[in-house]
Structures are given as C-alpha cells and as structure tokens.
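Asks: To start, I am sharing the structure in question, which I have written as structure tokens.
The values are calculated or read from the model by the stated rules, or taken from the named source; none is laboratory data. The shown structure was predicted, so the numbers you read here are calculated from the model rather than taken from an experiment. As a convention, Cβ positions derive from the backbone with ideal geometry for all residues, glycine included, and neighbour counts pool all protein chains shown. Keep in mind that these areas ignore ligands, DNA and RNA; they rest on the heavy atoms of the full protein, side chains included. Shrake-Rupley method; radii C 1.70, N 1.55, O 1.52, S 1.80 Å.
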Amino acid sequence: MNKKVSDYINGDTIIKLLTKLIEIPSPYFYEEKIMAFTYSWLKERSLNPEFHKYEENNITNFKGTNIIGKLKGREKGPSILLNGHLDTVNICEGWVKEPLKGTVEGNKLYGLGALDMKSGCTALLLALEAFKNTVKDFKGEIIYSFVSDEEGPYGLGTNAIIEDGLVNHVDAVIVTEPSSGFCAIDFPCICLGARGGYNYTVKFKGTAAHAANPEMGNSAILDCAKVMLELKKSEMIEDPKLGKGSICIIESGGGGQACSVADMAFFTVFRHVVRGEDKYYVEKELYEAVKRANIKSQVEMKFRDGPSSESEGFEPYIVDESNPYMDKMVNSIERICDKKPQISYFSSIGDFNYFGSRLNVPTFVFGPHGHNYHTADEYVEIDTVVKTAHVIYEFLVNTLMID
C-alpha cells in the first residue's frame with residue numbers, strides 16, 4: 001500500500017520524535033549524544049547521513065560534530081540546503097515543567113529546546129523522510145545539515161561547513177528557526193533577513209593618585225563612564241527593512257590599587273548592525289564618542305577575536321522579495337496554512353547570517369510558534385510544527401519536481 005505524506009508528518013510523529021530529541025541533553029559544546037541519535041535515525045531511513053568532524057583550535061579548542069547528507073535527483077536542477085541546530089542553551093532557573101521531558105498539554109509541548117530549535121529540526125527530519133518515500137523522481141539536490149554550537153558564541157558548526165566548502169554551491173537555504181516564535185508574530189511568519197552584530201571591548205588607561213587627592217590623578221573609571229554615555233547617544237543608520245542597530249553595553253569594570261584613583265577601566269559592547277554599518281563604521285562611531293566625551297585617558301578598542309577572519313562577527317543580510325524562490329516559499333505556505341505569511345526580519349543574529357551574507361544566497365527563516373525560548377518553561381505549539389514540516393515538503397516538491 002502506497003503511503004501518503006500525512007503518514008509521515010502528523011501530530012503523533014511530531015510529538016514522538018520531538019519528545020525524543022528533548023530527552024537527549026544537548027547544551028552547546030556537548031552534542032555528541034544527540035548527533036549519534038540523529039545520525040542513526042537518518043541512517044535507518046536510508047537518508048545518506050555523514051558525520052562532519054571539525055576542530056576549532058584558535059579560541060575554544062573545541063572538537064565538534066555536524067551531520068550532513070544529500071538526496072540527489074536524476075536531473076540537474078537547484079541545490080536546496082535545509083539547516084537546523086541540535087544544541088540548546090543550558091537549563092536556567094525557574095522551570096516548573098521538567099526541562100528534559102517532552103510534556104504535552106493540549107497544543108503545547110514543553111521542554112528545553114522545544115521551540116529553539118528541536119521542533120524545527122523535527123520538522124526537517126520528517127519532511128526529508130516523507131520526501132524520500134513519496135517522491136520518485138526529482139531534479140537537483142537536497143542537502144541537509146544538522147549542526148552543533150549554534151547557541152555558542154561563534155556558530156562553530158555552520159561556520160565549519162562553510163569553511164570546509166560543503167555547502168558553498170547551494171542556490172537557496174531554509175533554516176527552520178522559530179520565525180513566528182522569535183518575532184512574536186502569529187504563525188505563519190517568514191523572515192527575510194536579520195541584523196548582524198559585533199562584540200568589542202574598550203580599555204581605558206588613566207593616571208593613579210592617592211584617593212585623598214583625586215585631582216592629582218585621572219580616573220579611568222570616570223572617563224569610561226563618560227564615553228559609555230556618549231556612545232549611547234550615537235546616531236545610527238536606519239535600514240528600510242532591518243530598522244536601526246543597537247548599542248548594548250554588556251559588561252564594565254575597572255579599578256587600581258587600594259585607596260587610589262582607578263588607572264584602568266573597560267567596557268564591552270554588543271553592537272547589532274544593519275546594512276551600511278560594518279566594523280569600520282562601528283570603530284569610527286566609538287572614537288567619535290571618545291572625542292565628544294573630551295577625556296584624558298588613553299583608549300584602546302579591540303573587536304572580539306573569532307575562529308577565523310570570516311567569523312569574527314555576523315553580517316546583516318536581506319532576501320529580495322522578487323527572488324524566484326520567494327514565490328515558491330509563499331505559495332507553499334499559503335497552500336498548507338490557507339493564508340499568506342507575514343513577513344518580518346530578525347532583530348538578532350544566528351547561523352542564517354552566515355548563509356545569507358557569506359554564501360550570498362537567499363536564506364529564508366521559517367519555523368513554528370511558541371514562547372519562552374532561552375528561559376524557563378519553553379514550549380512550542382504542536383500544530384505549527386506539523387505545518388512547518390508540510391511547508392518544507394511542499395516547497396521541495398514545488399522547487400524540484402520534474403516538469
């Protein structure tokens with residue numbers, strides 16, 4: 001008896017697989033068990049998985065594992081990359097539900113990573129299984145990558161598959177991060193870009209003096225504070241799609257010897273950027289703030305080192321709405337959800353930035369709805385995971401079907 005798509009993608013299959021993924025702890029840098037499970041799941045279904053091992057030896061000394069695989073059509077055609085990350089953040093305080101147990105209450109499934117983004121990975125896995133078993137002939141190829149360390153500071157897994165040249169020929173990318181959940185927009189929501197971001201630290205060197213005579217010295221802490229206040233006043237570019245960037249001071253400190261004027265201070269910034277704001281723009285912005293602050297301390301600015309020059313920061317990107325793959329995405333969403341998707345743009349960064357800016361290909365972010373990602377009692381709405389999987393399947397059929 002021939003099976004239908006709904007035999008592979010339905011509420012029961014979603015709950016079963018997603019619950020299993022949630023039950024496997026996978027905080028970033030500790031993804032070995034979930035990679036082994038996912039590899040076996042794909043292997044059992046003849047979906048051609050391979051382990052991709054990588055090492056980052058400049059900063060983290062991390063040895064990581066991704067899973068990458070390919071389904072080849074019998075004719076030439078587009079190459080579509082499906083991407084998701086299997087790692088999570090660490091368990092935080094405040095959980096009432098059991099974080100490592102998939103708890104179903106009505107249409108909600110609770111658990112660490114339920115929304116971000118084991119539900120998106122579940123949708124990809126079941127869409128791949130359904131495609132493999134219901135589509136006989138197609139053109140082009142499907143590449144899938146289930147990566148590690150997206151939640152860490154550098155996106156090492158996706159960075160590795162790009163730098164190792166495994167996906168650099170693709171024509172379009174779909175990342176099933178929870179676009180609806182992240183943007184707090186009713187499902188379905190498709191994101192066509194994201195702001196980028198850089199991390200940098202500013203150090204101040206003042207002049208020490210006895211605390212009884214502070215006028216004899218120059219306080220690095222006071223100068224640091226003046227620059228922070230001026231920096232927050234900076235005028236930023238307003239992008240017609242991404243809006244404005246943001247300056248967030250995430251750490252500060254300083255001091256010197258006991259009973260002395262502080263001769264050292266620092267602050268660290270995470271600077272979200274939009275198109276037109278690169279490292280040089282951000283550096284100029286900082287030194288203009290220093291000039292306005294009219295301080296005496298010596299100032300040194302340093303961007304956070306990255307594993308490589310290409311991964312020191314995250315560049316912003318957008319997808320042109322006239323891109324031909326956009327029509328196929330919108331049509332697929334409409335067919336499954338009976339309405340047009342809302343269009344949005346991410347305010348923060350992720351692996352999608354690497355694909356959109358470094359591969360320079362249309363990179364769509366489309367995934368389920370839910371709440372509480374990166375905090376207690378995270379949950380996803382089950383029906384939106386089912387629809388996400390069906391949309392991915394529909395897009396693949398519409399894009400790769402032989403005319």
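Asks: Would you work out which of VAL397, ALA208, HIS272 lies farthest towards the positive end of the dipole of the chain? Charges go on Cβ: Lys and Arg +1, Asp and Glu -1.
Replies: Value computed over the given set: VAL397.
Asks: Send over the per residue convex hull volume for segment 237-338, Cα only, as a whole number of Å³.
Replies: Each residue corresponds to 186 Å³ of Cα convex hull volume.
Asks: Please give me, ordered by residue number, the trypsin sites (Lys or Arg not before Pro) of segment 42-151 that lie in loop per DSSP and have at most 14 other Cβ atoms within 10 Å.
Replies: Of the trypsin sites (Lys or Arg not before Pro), the ones in loops of segment 42-151 whose Cβ has at most 14 other Cβ atoms within 10 Å are ARG74, LYS101, LYS136.
Asks: Tell me the carbon and sulfur percent of the accessible area for the chain, rounded to whole percent, probe radius 1.4 Å. Present the calculation step by step, with values, prior to reporting the outcome.
Replies: Values: 8510 of 17820 Å².
Answer for the chain is 48 percent, counting heavy atoms of protein chains only.
Asks: Indicate the gyration tensor shape class of segment 41-94 (rounded, prolate or oblate), computed on the Cα atoms with a ≥ b ≥ c the square roots of the eigenvalues: a/c under 1.5 is rounded; otherwise a/b larger than b/c is prolate and the rest oblate.
Replies: Here segment 41-94 falls in the prolate category.
Asks: Once the other residues with Cβ under 14 Å from the Cβ of GLU312 are scored (Lys, Arg +1; Asp, Glu -1), what is the net sum? Mind showing how you got there, number by number?
Replies: Numbers: positive: ARG271, LYS279, LYS302, ARG304, ARG358; negative: GLU56, GLU163, ASP278, GLU283, ASP305, GLU310, GLU315.
The answer is -2.
Asks: Moving to a separate point now. So, in segment 1-105, how many Lys pairs have Cα atoms under 14 Å apart, if the pair is 8 or more places apart or on different chains?
Replies: For segment 1-105, the number of qualifying lysine pairs is 5.
Asks: What per residue convex hull volume, in Å³, do the alpha-carbon atoms of segment 1-131 yield?
Replies: Spread over its residues, the Cα hull of segment 1-131 gives 136 Å³ apiece.
Asks: Dipole size in debye (nearest 20) for segment 346-403 around its Cα centre, Lys and Arg Cβ +1, Asp and Glu Cβ -1?
Replies: 240
Asks: Which of CYS189, ALA130, ILE161 sits closest to the plus end of the dipole of segment 93-204, meaning its Cα is farthest towards the positive end, when Lys and Arg get +1 and Asp and Glu get -1 on the C-beta?
Replies: About the Cα centre, the residue reaching furthest to the positive side is CYS189.
Asks: DSSP loop GluC sites (Glu not before Pro) in segment 164-257 with at most 12 other Cβ atoms within 10 Å of their Cβ, which ones?
Replies: Taking segment 164-257 and a limit of 12 other Cβ atoms within 10 Å, the loop GluC sites (Glu not before Pro) found are GLU235.
Asks: Could you size up the charge dipole of segment 274-403 around its Cα centre, putting +1 on the beta carbon of Lys and Arg and -1 on that of Asp and Glu, and report it in debye to the nearest 20?
Replies: Approximately 440 debye in magnitude.
Asks: In µm²/s, what is D for the chain at 10 °C and 1.306 mPa s, where D = kT/(6 pi eta Rh) by Stokes-Einstein and Rh is the Kirkwood radius from Cα pairs?
Replies: The Stokes-Einstein estimate is 70 µm²/s.
Asks: Post the alpha-carbon centroid distance, segment 207-255 to segment 294-332, in whole angstrom.
Replies: With segment 207-255 and segment 294-332 each reduced to a Cα centre, they are spaced 24 Å.
Asks: Given the options GLU23, GLU300, GLU285, which has the most mean-square fluctuation in a GNM of the chain, springs set between C-alpha atoms less than 10 angstrom apart?
Replies: GLU300
Asks: Using alpha-carbon pairs under 8 Å, 6+ residues apart, how would you state the relative contact order of segment 244-394 in percent?
Replies: Rounded, it is 15 percent for segment 244-394.
Asks: Under 19 Å from the Cα of LYS232, which lysines turn up, not counting those fewer than eight places away in the same chain?
Replies: LYS203, LYS244, LYS279, LYS284, LYS291, LYS302
Asks: Segment 75-188: percent of C-alpha pairs farther apart than 20 Å?
Replies: Of all Cα-Cα distances in segment 75-188, 52 percent exceed 20 Å.
Asks: What is the set of long-range amide H partners of GLY140 at a cut-off below 5 Å, with H atoms built 1.01 Å from backbone N?
Replies: GLY73, GLU75, LYS76, GLY77
Asks: How much solvent-accessible surface does CYS259 expose, in Å² to the nearest 10, with a 1.4 Å probe and all protein chains in place?
Replies: Accessible area, nearest 10 Å²: 80 Å².
Asks: Around GLU300, under 11 Å between beta carbons, what's the net of Lys plus Arg minus Asp minus Glu among the other residues?
Replies: The answer is +3.
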